[in-house]
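K.L.:
So that we are looking at the same thing, I have put the structure below in structure tokens.
The values are calculated or read from the model by the stated rules, or taken from the named source; none is laboratory data. Because the structure is predicted, anything quoted here is derived from the model rather than measured. Cβ sites come from the backbone with ideal geometry, for glycine too, and all protein chains shown count toward neighbours. Protein only, heavy atoms only, side chains kept; ligands, DNA and RNA dropped before computing areas. Shrake-Rupley method; radii C 1.70, N 1.55, O 1.52, S 1.80 Å.
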Amino acid sequence: MAGHLYHVLDTRGFDRPLLDELCELTTRLRGIAKSPEGARELQNLLPQARAMLYFPQPSTRTFLSFNNACHVLGIRTSEIRDPATSSEVKGESFDDSIRTFSSYVDVIVMRTPEAGFAARAAALMDRIARPVPIINAGSGKDQHPTQALLDIYTLARSFALRGGIDGKVIGMMGDLKRGRTVRSLCGLIKNYRDVELVFIAPKQFAMEGDIKLQLDAQGIRYRETSRLADALPGLDALYVTRMQTEWDTAGESRAMDYGQFSLNSATMKRLKPDAIVMHPLPRGPEIDTAVDEDPRAMYWRQERNGMWMRAAILLKIFRLEDRIFSLAAEGLPEGPDPP
Ligand code: CP
């Protein structure tokens, strides 16, 4: 067994054995869930557990995938999505709100517009009598660690027959400056050998210096370009991101030239036949819907992978990973390996 998980705040603490185990766990449990007997076994894993989904910042897939991952494992869920429906409107502080959630549940999954609030919640948990694990489901412009984990799973699965993630050239395109998904994913690349990153963005939305310093310190090769067409032929994977318009203060996103930073059927011709295209979604004009039909488009699978990886994360936190591996060993019928 790889190390334990408790709070999941950023991607720094993840090592290769833990990533490999999470990927294996994800594949095993989604296989088990495909048969009625397996689904029932999974439902009986955590019937005593309760989760709080605190999402004052909007979300579709992270919220739904965590909610459904909990239900797959028998975990009951509560939610606050609109702070106007909570006692925050009466002036209750963030710390008191989180402490209150922890009185009723066994894990808190939270997305906030502010960077650092998940870490603050975790620090609070570490001081109180009934602490519960905190999972960061997106914090400001800074971190989205569970997205990065499902991204790693998607990359590893896509390259399973080609030596895995090691040695691949991964492009990241779009609003890299304000995109927490790419920042978190960069934090996991150190776990793979000889990966090269290519940051493709207009200068005003280039990757921030703190991430580049981190990559320098880890000896990870990266280069920067604003020419997508030139970069495409050398990539094994292209991770596309949208403009993070919600952070605009003076319409900065209007400066984005989508003609130069978008994929369509014509630009896809420049990508290798066995390359993949990823996107954390939701998308804007940066990927034409015609690309959806291309077998290299991996973003809908990536989205589906999210629920299973989040279920694996919950299983690790509740230390039930051995149960999954023994269920598989017991010969419980597994469904077909999903695409
Ligand atoms: N990828 C992602 O975080 O999507 P949502 O904002 O819909 O949760």
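K.L.:
Quick one: of the DSSP bridges fully inside segment 50-175, what percent are antiparallel, nearest 5?
P.N.:
Restricted to segment 50-175, the bridges split so that about 5 percent are antiparallel.
K.L.:
Let me make sure I get this right: for segment 143-260, a, b and c are the square roots of the gyration tensor eigenvalues over alpha carbons, sorted descending. Under 1.5 in a/c it's rounded, otherwise prolate if a/b > b/c, else oblate. Which is it?
P.N.:
prolate
K.L.:
Which ³J(HN,Hα) values in Hz, rounded to whole numbers, follow from the phi angles of segment 253-258 under the Karplus curve 6.51 cos²θ - 1.76 cosθ + 1.60, where θ = phi - 60° and Gly and Pro get x?
P.N.:
With the stated coefficients, segment 253-258 comes to 4, 5, 6, 6, 9, 5 Hz.
K.L.:
Excluding ligands and nucleic acids, what accessible area in Å² is computed for T85 using a 1.4 Å probe, to the nearest 10?
P.N.:
110 Å²
K.L.:
In the structure shown, do any of K212/K272; K190/K272; K34/K177; K34/K272; K168/K203 have a Cα-Cα gap over 31 Å, and if so which?
P.N.:
K34/K177; K34/K272
K.L.:
Taking all protein chains together and a probe of 1.4 Å, list D274, D142, D151 from the most accessible to the least accessible.
P.N.:
D274, D142, D151
K.L.:
Under a 1.4 angstrom probe, counting protein chains only, how are W300, W308 ranked by accessible area, largest first?
P.N.:
W300, W308
K.L.:
Using a Gaussian network model on the chain with a 10 Å cutoff between Cα atoms, which of L263, L149, L213 fluctuates the most?
P.N.:
L213
K.L.:
Expected output is a single nm value to one decimal: the length gained when fully extending between D216 and D294, i.e. 0.36 nm times separation in residues minus the C-alpha distance. What is it?
P.N.:
24.6 nm
K.L.:
As a test, work out the antiparallel percent of DSSP beta bridges whose residues both lie in the chain, rounded to the nearest 5.
P.N.:
Here the share of antiparallel DSSP bridges comes out near 5 percent.
K.L.:
Also: State the answer as a single residue: which of G74, Q143, S158 lies farthest towards the positive end of the charge dipole of segment 56-209, with beta carbon charges of +1 for Lys and Arg and -1 for Asp and Glu, about the Cα centre.
P.N.:
Final value for the positive-end residue is S158.
K.L.:
Something else now. How much length would be gained if the chain were fully extended between D82 and Q260, taking 0.36 nm per residue of separation minus their Cα-Cα distance, in nm to one decimal?
P.N.:
Separation in residues times 0.36 nm, less the Cα-Cα distance, equals 60.4 nm.
K.L.:
If you rank F325, F199, F94 by how much accessible surface each has, with a 1.4 Å probe, what is the order from largest down?
P.N.:
The ranking, largest first, comes out as F325, F94, F199.
K.L.:
Further question: Amide H neighbours of A49 under 5 Å, counting only residues 5+ apart in sequence or on other chains, H built in-plane at 1.01 Å?
P.N.:
Amide H to amide H, under 5 Å and 5 or more residues apart or across chains, A49 pairs with R76.
K.L.:
What spacing in nm lies between the two simple spin-label points modelled at R162 and K34, each 7 Å away from Cα in the Cβ direction?
P.N.:
2.3 nm
K.L.:
Can you give the charge dipole size of segment 130-265 about its Cα centre, rounded to the nearest 20 debye, using +1 on the beta carbon of Lys and Arg and -1 on the beta carbon of Asp and Glu?
P.N.:
Computed charge dipole of segment 130-265: roughly 260 debye.
K.L.:
Shape verdict for the chain, please, from the Cα gyration tensor: rounded (a/c under 1.5), prolate (a/b greater than b/c) or oblate.
P.N.:
oblate
K.L.:
Further question: Give the shape of segment 213-278 as rounded, prolate or oblate, defined through the alpha-carbon gyration tensor: a ≥ b ≥ c are the square roots of its eigenvalues, a/c under 1.5 means rounded, and otherwise the shape is prolate if a/b is larger than b/c and oblate if not.
P.N.:
It is oblate, given that a/c is not under 1.5 and a/b is not larger than b/c.
K.L.:
In a shell of Cβ-Cβ distance under 12 Å around I200, excluding I200 itself, what net charge do Lys and Arg (+1) and Asp and Glu (-1) give?
P.N.:
Neighbourhood net charge equals -1.
K.L.:
So, with +1 on the Cβ of K and R and -1 on the Cβ of D and E, and no other charges, what is the size of the charge dipole of the chain about its Cα centre, to the nearest 20 debye?
P.N.:
So the magnitude is around 60 debye.
K.L.:
Distance between Cα centroids, segment 1-66 to segment 278-322: provide it in whole Å.
P.N.:
Comparing the Cα centres of segment 1-66 and segment 278-322, I get a distance of 13 Å.
K.L.:
Out of S86, S102, S253, any idea which swings most in a Gaussian network model of the chain, alpha carbons joined below 10 Å?
P.N.:
Comparing S86, S102, S253 in a Gaussian network model of the chain, the most mobile one is S86.
K.L.:
Quick one: net charge of D288's neighbours, Cβ under 15 Å, K/R +1, D/E -1?
P.N.:
+1
K.L.:
Could you tell me the relative contact order of the chain? Use alpha-carbon pairs under 8 Å, at least six residues apart, and round to a whole percent.
P.N.:
21 percent
K.L.:
Looking at the chain as a GNM with Cα springs under 10 Å, which of M256, M309, M207 has the largest mean-square fluctuation?
P.N.:
Of M256, M309, M207, the Gaussian network model singles out M256 as fluctuating most.
K.L.:
Please list, or write none, the aspartates and glutamates whose alpha carbon is within less than 18 Å of the alpha carbon of K141, excluding same-chain residues fewer than 8 places away.
P.N.:
Here the aspartates and glutamates satisfying the reach criterion relative to K141 are D10, E114, D151, D175, E208, D210, E246, D248, E252.
K.L.:
Which whole-number percentage describes the relative contact order of segment 126-195, with Cα contacts under 8 Å and a sequence gap of 6 or more?
P.N.:
37 percent
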